[in-house]
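These notes are about the structure you will find just below.
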Amino acid sequence: MAAALSASGNGKKVAIAEASPRVGRKLLATGNGRCNLINMQDAPYYGEAGFATEVLKHCGKEEVLSFFHNLGLVTREEDGGRVYPGCGQAAAVLDVLRRAMERCRVDIICDARTEKIEKSGDGFRVFAGEQVYACSKVIVTCGGMAGGKLGHDGAAYALLTRLGHTLKKPMPALVPLLAEKGAVKGLSGLRLPAVLTLCDGDRPVAAAAGEALFTDYGVSGICAMQLSAQVHGLQKAVLKMDFSPMLGLMPCRYERVSVQDGKAAYERMLAFLKKRAGLLPKEDLLCGLLPRLLAEKLQGLPLEKMAEKLCAFRVPLTGVRGFEYAQVTRGGIAAAEFDAATLQSKKVPGLYAAGEMLNVDGDCGGYNLLFAFASGMLAGRAAAK
Ligand SMILES: Cc1cc2nc3c(=O)[nH]c(=O)nc-3n(C[C@H](O)[C@H](O)[C@H](O)COP(=O)(O)OP(=O)(O)OC[C@H]3O[C@@H](n4cnc5c(N)ncnc54)[C@H](O)[C@@H]3O)c2cc1C
């Protein structure tokens with residue numbers, strides 16, 4: 001939609017061929033129905049990260065924000081630079097896009113799944129739904145495989161691979177973690193502030209802080225999901241959970257953090273427990289400190305063991321949940337095969353791609369939509385020239 005609006009004007013005729021009965025269905029589900037559409041802070045991207053940085057140099061967060069302000073959307077910035085519609089409803093984002101497309105006479109053709117794109121003379125033939133459309137330029141923005149029915153099943157990548165582009169293996173990212181049976185038994189439903197460190201055996205790989213949610217299959221919550229894409233390549237994935245933020249021993253920051261010094265956390269936790277043990281009877285040590293479900297697991301352990309469990313609670317992982325439960329796709333069409341300023345294919349002139357379809361993904365917090373909008377806007381503008 002951002003690409004179509006940016007391509008309209010200049011007397012160009014623009015049409016969107018959408019597989020679903022409506023455009024923007026995924027947008028409505030974003031940010032728990034609130035749509036976290038941009039993040040005003042800088043954060044790393046993954047996949048072809050350098051490509052994402054280049055794209056955002058050509059169309060940055062301020063420009064995307066003004067694009068929406070110019071469409072009439074009022075926004076509100078919250079903690080961590082997260083930008084939401086002021087009214088708190090994702091529908092407002094879709095509404096301003098749809099009204100603008102009506103004003104700009106963008107044709108929206110729904111129930112029109114594109115099955116094939118063919119080169120034809122100077123332009124293309126797009127086989128969508130029952131029709132074949134002749135176009136001078138094509139922008140492919142079919143998204144990724146994340147989000148179950150809101151994503152595609154992978155078939156859309158073939159639109160570009162058939163034209164000579166390369167597919168980097170798609171994997172679910174920003175998705176809950178699966179734990180070994182027994183590791184989280186009895187803890188399901190607990191939501192606790194923690195620092196999570198993803199390890200390969202004992203080697204720390206990445207860390208994130210925030211609220212972790214125990215489920216009957218493993219661990220969820222934004223901080224757990226932030227680590228999910230890194231689980232794929234590990235030999236022996238283990239999640240170590242430090243509950244210091246829950247105990248007030250450190251602030252709870254909702255973000256990626258650098259890998260913590262485990263020894264310092266242990267010393268701090270042990271000193272805390274020893275102080276508490278000096279004040280309370282042994283049987284009451286954990287009362288008022290931990291949720292009952294967790295206290296039951298630690299009751300009766302020596303202080304040293306308790307400290308170890310509270311700052312490095314080990315959860316061996318078996319993998320991550322599937323695309324159905326993921327927010328974004330890691331992998332996709334090789335971004336380096338496109339120009340970062342115009343999103344035009346370096347292999348097929350007149351062909352463009354943008355958004356999650358490309359091998360770029362970002363953290364939770366508005367970075368994925370920001371990349372989708374920015375790359376779509378650049379592609380639309382360039383295609384209209
Ligand atoms: C539950 C959930 C919550 C999320 N929350 C956030 C958030 O708050 N902030 C954030 O930044 N990101 C969020 N994301 C990620 C974000 O939604 C996506 O990265 C973003 O929507 C990608 O935009 P896109 O335009 O590339 O693809 P999409 O939004 O997926 O749009 C692709 C469109 O192409 C259509 N399509 C697919 N195949 C074909 C075909 N063959 N022919 C025609 N049409 C086709 C699809 O039906 C779809 O309408 C969330 C994702 C999910 C699943």
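Can you give the relative contact order of the chain as a percent, counting alpha carbon pairs under 8 Å and 6+ residues apart?
The normalised contact order for the chain reaches 26 percent.
May I ask for the Kirkwood hydrodynamic radius of the range 177-320, worked out over all distinct Cα pairs and given in angstroms to one decimal?
For the range 177-320, the Kirkwood estimate is 15.2 Å.
Over the range 177-320, what relative contact order in percent results from Cα pairs under 8 Å that are six or more residues apart?
Once normalised by length, the contact order is 32 percent.
With the chain treated as a Gaussian network of Cα nodes joined by springs under 10 Å, which of 207, 326, 155 yields the largest mean-square fluctuation?
Sorting by GNM fluctuation, first place goes to 155.
So what are the three principal axis dimensions of the range 302-385 from its Cα atoms, in whole Å, longest to shortest?
Principal-axis extents of the Cα atoms in the range 302-385, largest first: 71, 22, 22 Å.
Starting from the range 205-262, pick out the trypsin sites (Lys or Arg not before Pro) whose DSSP state is loop and whose Cβ has at most 14 other Cβ atoms within 10 Å.
236
Run the numbers on the range 1-154 and let me know its relative contact order in percent, using alpha-carbon pairs under 8 Å that are six or more apart.
The value is 29 percent.
Per residue Cα convex hull volume for the range 96-252, in cubic angstrom?
188 Å³
How large is log10 of I(q)/I(0) for the chain at q = 0.09 Å⁻¹ when the intensity is taken from the Debye formula with one equal scatterer per alpha-carbon?
Here the Debye-derived log intensity ratios amount to -0.58.
Can you give the helix-only mean residue ellipticity at 222 nm for the chain, where every DSSP H stretch with n ≥ 4 adds -39500 (n - 2.57) and the sum goes over all residues, rounded to the nearest 500 deg cm²/dmol?
Value at 222 nm, helices only: -8500 deg cm²/dmol.
For the range 1-147, what value does the Rg/Rh ratio take when both radii are computed over Cα atoms and Rh is the Kirkwood radius, given to two decimals?
Rg/Rh: 0.98.
Which of the GluC sites (Glu not before Pro) found in the range 29-130 are loop residues per DSSP with 15 or fewer other Cβ atoms within 10 Å of their Cβ?
78, 130
Hey, which of these cross-link pairs are over 22 Å Cα-Cα: 240/282; 240/305; 119/346; 185/282; 181/282; 149/346?
Beyond 22 Å between Cα atoms: 240/282; 185/282; 181/282; 149/346.
Only the coordinates and a few stated rules stand behind these numbers; no lab work does. Bear in mind that the values here come from a model prediction, so they are computed numbers and not experimental data. All Cβ positions, even for glycine, are placed from backbone atoms using ideal geometry, and neighbour counts span all protein chains on display.
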